[in-house]
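First up is the structure itself, then whatever we jot down about it.
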Amino acid sequence: MVAQSTTPARGRPRLSSREMLEDAAFELFLEQGYAKTTIEQITQRAGVSRNTFFNYFPAKSDVFWVALDEVGARLRRELSAVPDDAPVMAGTRTAFLTVADGFGPGAVPWILTQYEAIGGNNEVQVSAVSRFVALASVVRFHLASRLDLPSTHPEVLAAAYALTAATIAAAQAWAAAGVTRGALTPYLDRALAPVCDGFERAFVL
C-alpha cells in the first residue's frame with residue numbers, strides 16, 4: 001500500500017510521526033477491523049518505520065490511549081497542587097474537573113465512539129483495564145497521602161476506584177450524547193458528586 005503524503009497543506013502544521021501512526025491505525029481499524037490490522041500495515045500507511053512505531057507505542061492496542069495516558073499525567077500534577085487545607089474529596093474533585101476542562105465537544109477519544117465499529121477484542125479490553133488501574137493508582141496514592149492512611153486501606157482503594165469508575169462513566173455518557181454533547185466537565189461533575197460527597201462524610205467520621 002502506498003503511504004499517504006506527509007507534506008502539509010500551506011498554513012497547516014506538519015503532523016508528528018505519532019499523529020500519523022494514530023491516523024493510519026484508526027483508518028485501518030475502520031476499514032478491516034482491529035484484529036486483522038497489523039503493525040506493519042499501520043507503519044506502511046503512515047509512511048514510517050516499524051522502529052518508529054515502537055518508539056511511541058509498546059503494542060498495537062496502545063494507539064488508543066494517548067489521550068488517557070496524558071490525562072493521568074495531568075491529573076497527577078493537579079492533585080499535587082491541591083491546597084493542604086482543602087477537604088480531601090472536594091480538592092480531588094476540583095483536580096478532576098480542572099483536567100476535564102481541556103475536553104470540549106470535539107475532543108472525544110476515538111475509541112469511545114468507534115469500539116463496536118472496529119470489532120474490539122480482548123486485547124483492547126486488557127489495555128483499557130491497565131489504564132483504569134493506572135489512573136486509580138494516581139488517585140489512591142494522593143488520597144493515602146492526604147489522609148495519612150496506607151494506600152492499601154480499604155476506604156482509600158474504594159474511593160480511588162469509585163472516582164475512576166465515575167470518570168469513565170461520565171466519559172462514556174459524554175461520548176454517547178452525540179453532536180449536542182457539549183463539554184465533558186458537566187458530565188463529570190454530575191458523576192463525581194455522589195462519590196465525593198459520600199466519601200467526604202466517611203473520611204470525616
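The values are calculated or read from the model by the stated rules, or taken from the named source; none is laboratory data. Just so it is clear, the structure is predicted and the values come from calculations on it, not from any experiment. In this analysis, Cβ positions are derived from the backbone assuming ideal geometry, glycine residues included, and neighbour counts consider all displayed protein chains.
Report, by residue number, each residue of segment 140-162 that is among the charged types (D, E, K, R) and not in a helix (DSSP H, G or I). Let's see the steps before the verdict.
Start the filter on segment 140-162 by keeping residues that are among the charged types (D, E, K, R), which leaves 140, 146, 148, 155.
Of everything in segment 140-162, just one residue is among the charged types (D, E, K, R) and not in a helix (DSSP H, G or I), namely 148.
Let me confirm something: among 93, 74, which residue is assigned to a helix (DSSP H, G or I) and closer than 26 Å to residue 26 by Cα?
Matching residue, one of 93, 74: 74.
Test each condition in (1) surrounded by 13 or more Cβ atoms within 10 Å (Cβ to Cβ); (2) free of Cβ contacts under 8 Å to residues at least 40 places away in the same chain; (3) of a type in the set (A, V, I, L, M, F, W, C) for residue 96 and report the one that comes out false.
(2)
Can you tell which of 103, 96 is in the same structural domain as residue 176 (by TED's automatic domain parsing), within 21 Å of residue 158 (Cα to Cα) and among the aromatic types (Phe, Trp, Tyr)?
96 is the lone residue from the list that is in the same structural domain as residue 176 (by TED's automatic domain parsing), within 21 Å of residue 158 (Cα to Cα) and among the aromatic types (Phe, Trp, Tyr).
Within segment 99-118, how many residues turn out to be of a type outside the set (Gly, Ala, Ser), in contact with a helix residue (DSSP H, G or I) (Cβ under 8 Å, 6 or more places away or on another chain), free of Cβ contacts under 8 Å to residues at least 60 places away in the same chain and in a loop (DSSP other than H, G, I, E, B)?
Total meeting the criteria: 1.
Which of the residues belonging to segment 30-48 are at positive phi and more than 23 Å from the chain's Cα centre (by Cα)?
Scanning segment 30-48 gives a single hit, 47.
Could you pull out the residue among 165, 134, 175 that is in a helix (DSSP H, G or I), closer than 23 Å to residue 62 by Cβ and at pLDDT 95 or above?
When all the criteria are applied, what remains is 165.
Given the criterion more than 22 Å from residue 25 (Cα to Cα) and surrounded by fewer than 18 Cβ atoms within 10 Å (Cβ to Cβ), identify the matching residue among 117, 169.
Matching residue, one of 117, 169: 169.
Can you go through 141, 103 and tell me which one is hydrophobic (A, V, I, L, M, F, W, C) and over 16 Å from the mean Cα position of the chain (by Cα)?
141
Can you pull out the residues in segment 28-58 that are surrounded by fewer than 16 Cβ atoms within 10 Å (Cβ to Cβ) and within 17 Å of residue 114 (Cβ to Cβ)?
Once the filter is applied, which keeps residues that are surrounded by fewer than 16 Cβ atoms within 10 Å (Cβ to Cβ) and within 17 Å of residue 114 (Cβ to Cβ), segment 28-58 yields 30, 31, 32, 33, 35, 36.
Using the structure shown, decide if residue 52 is over 23 Å from residue 171 (Cα atoms) and either polar (S, T, N, Q) or not assigned by TED's automatic domain parsing to the domain that holds residue 191 (or both).
Working: over 23 Å from residue 171 (Cα atoms): yes; either polar (S, T, N, Q) or not assigned by TED's automatic domain parsing to the domain that holds residue 191 (or both): yes.
When the stated conditions are applied, residue 52 passes them.
Evaluate the following for residue 37: is it modelled with pLDDT of 90 or more and of a type in the set (Ser, Thr, Tyr)? Walk me through it before giving the result.
Working: modelled with pLDDT of 90 or more: yes; of a type in the set (Ser, Thr, Tyr): yes.
When the stated conditions are applied, residue 37 passes them.
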